[in-house]
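Right, one structure below, let's go through it.
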Amino acid sequence: MIIGSQLMDLIHTAQLQDPYLTEDRSRLQDQADTEFSVSDDDLLRYQGRICIPAQEDLRKLIMDEAHLSACNIHPGVTKMYQNLRKQYWWSGMKRDVAQYVTTEPVEIVDRMEKQLRHRVVPMVLARWLHGNIEEFTWET
């Protein structure tokens, strides 16, 4: 995992190298009424969310961090998109998140039913592959 400040440094460097975001940054000087802004940490933001340049490896890194973080146990497409959307913005984010989540290798290892108060919940034991790391989780 990458520590937050390292990720922000990578994003900042990538923003300065991206021609479209550089153009958006320069337009800020001409217009006071825009949805783009530059924060105190010198990151370009769109409606308060950090703009992510069109670099596939950087976007994948951000999605890896969101998907593998300790507080999110393999969120689905909607939950992962909602979590990312709070902090980041890029064109086509929803499509990229959907493709990332649905193409992740997974295998159903076992099935069971869990009895809750007044209903039965079906559960599956899933095997997730993250590069060369194998992980097992119970999913509903």
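Highlighted here are the strands (runs of 3 or more DSSP E) found entirely within segment 19-99 that include at least 1 residues which are at pLDDT below 90 and of a type in the set (F, W, Y): 36-38.
Residues in segment 4-18 that are of a type outside the set (S, T, N, Q) and either in a helix (DSSP H, G or I) or not assigned by TED's automatic domain parsing to the domain that holds R59 (or both): G4, L7, M8, D9, L10, I11, H12, A14, L16.
Whether any residue in segment 103-124 is modelled with pLDDT under 85, in contact with an Asp or Glu (Cβ under 6 Å, 6 or more places away or on another chain), not assigned by TED's automatic domain parsing to the domain that holds C51 and not in a loop (DSSP other than H, G, I, E, B) is what I want to check. Checking segment 103-124: at least one residue is modelled with pLDDT under 85, in contact with an Asp or Glu (Cβ under 6 Å, 6 or more places away or on another chain), not assigned by TED's automatic domain parsing to the domain that holds C51 and not in a loop (DSSP other than H, G, I, E, B).
The values are calculated or read from the model by the stated rules, or taken from the named source; none is laboratory data. What you are looking at is a predicted structure, and each value in this text was computed from that prediction instead of being measured. Methodologically, a virtual Cβ is constructed for each residue, glycine included, from the backbone with ideal geometry; neighbour enumeration extends over all protein chains shown.
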